[in-house]
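Read the structure below first, then the notes.
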Amino acid sequence: MTKADFMFLMILICLVSQPVQRDDFIPSLPLPHSETRMQPVTHIVIHHFTLSVAEMLRTLDRSRISVHYIIDTAGHIIPVVPEDKVAWHAGVSYWHGLNGLNKASVGIELQHPDFGQTPFSEEQIAALIPLVQDIMARYHIPPENIVGHSDIVPDAKADPGKAFPWQRLAEAGIGLWYRLDDADKMAEYTVKELLDIIGYPTEGRDLESSAYAFRRRWLPEQVAYDDDVVGHGQAIFEARTQATSLPPEERAAFLAKAPRIHPPDDGTFLTDPDFIRVLRAVAYRYQTERAKNRINMGENE
Ligand SMILES: [Zn+2]
């Protein structure tokens, strides 16, 4: 064997011994991309994904991210990371004074063939409701802390999407719905104040994005088709991935200029009377529920 042959052989051995992820590879569970929990679970975050379950697991593994549960369209629940670990599913996020929801939440991914734009399967929702109720009961999570990814990252995330049945879940004690009669009680508040009361991020460009995320959740009939969910999804995802590798002090400035979800009708809905009325009614519900919880907690002490 000449020296050149030997080198060639060594290079070949190195290449062959590299771990290669084939297309039919399924990562073993639980996924390792997680960390020890340092604080109690107080929130649940609901997502959707459009891949097959095997592709989703590969994508999570390659991207070194994770979630606690996947529910496929047939209603099978697949545990991905144990609840006692922090999974990495929410990214840079905010809800009612809490920054970075990963550390305080359980994340659930719902498989959906069309970006949450058409009804979710009955089997899937029938599996989701008791799972969420069980998690809520075990950690004493109040309904106002059940959020969609789009509620906590409104400028970059649109999942679980406009067809997610929030009203039906609220009837099962998961999240809150509203009574239109309550709208008059909140007439003195601005749009920003009302979104703040509910929990949305409202600083800078988040205000318009949050108003749109609100509309997707509580006025889905006003959202014809979420073009941005499909259109800018990849660019937004890439910018977010890039942001995680930046030092924390540079991250905010980078994200402020990154691609984002644009409300498709230039925000004209912000003055729409139906939007304002529902926003006031929802804010009233969140305000009164949180006040009730504070009283209950005080009584327990
Ligand atoms: Zn998500």
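What do you get when you divide the Cα radius of gyration of the range 24-177 by 2.2 N^0.38 Å, with N the number of residues?
Values: Rg = 14.2 Å, N = 154, 2.2 N^0.38 = 14.9 Å.
Rg over 2.2 N^0.38 Å, computed on Cα atoms: 0.95.
In Å and from the alpha-carbon atoms only, list the Rg and Dmax of the chain.
21.5, 88
Could you tell me what percent of the DSSP beta bridges with both partners in the range 24-177 are antiparallel, to the nearest 5? Before the final figure, lay out the partial values.
Numbers: 8 of 21 bridges.
The answer is about 40 percent antiparallel.
Run through the DSSP bridge list for the chain and note the antiparallel percent, rounded to the nearest 5. Walk me through the numbers on the way to the answer.
Details: 8 of 21 bridges.
Expressed as a percentage, antiparallel bridges in the chain total about 40.
Which residue, S121, Y69, V86, has the largest displacement toward the positive end of the dipole of the range 24-177 when charges sit on each Cβ (Lys, Arg +1; Asp, Glu -1)?
Going by the charge dipole, the pick is V86.
Taking other Cβ within 10 Å of each residue's Cβ, how do S28, S34 sort, fewest first?
Lowest count first: S28, S34.
Neighbour counts of other C-beta atoms within 10 Å: give me D24, D72, D272 arranged from fewest to most.
Details: D24 7, D72 19, D272 15.
Listed from fewest to most nearby Cβ atoms, that is D24, D272, D72.
How far is helix 273-300 tilted off the main Cα axis of the chain, in degrees rounded to 10, range 0 to 90?
Once rounded, the angle reads 80 degrees.
By how many degrees, 0 to 90 and rounded to 10, does the Cα axis of helix 53-63 deviate from the longest principal axis of the chain?
80
Checking the cross-link filter: which lysines have an alpha carbon closer than 27 Å to that of K257, excluding same-chain neighbours under 8 positions apart?
Of all the lysines, those that pass the test against K257 - Cα under 27 Å, at least 8 places apart if same chain - are K103, K157, K162, K192.
How far, in degrees from 0 to 90, does helix 206-218 lean away from the longest principal axis of the Cα atoms of the chain, to the nearest 10?
80
Each reported figure results from applying straightforward, stated rules to the coordinates on display, with no laboratory input. In this text the structure is predicted, and so the values were computed from the model without any measurement. As a convention, Cβ positions derive from the backbone with ideal geometry for all residues, glycine included, and neighbour counts pool all protein chains shown.
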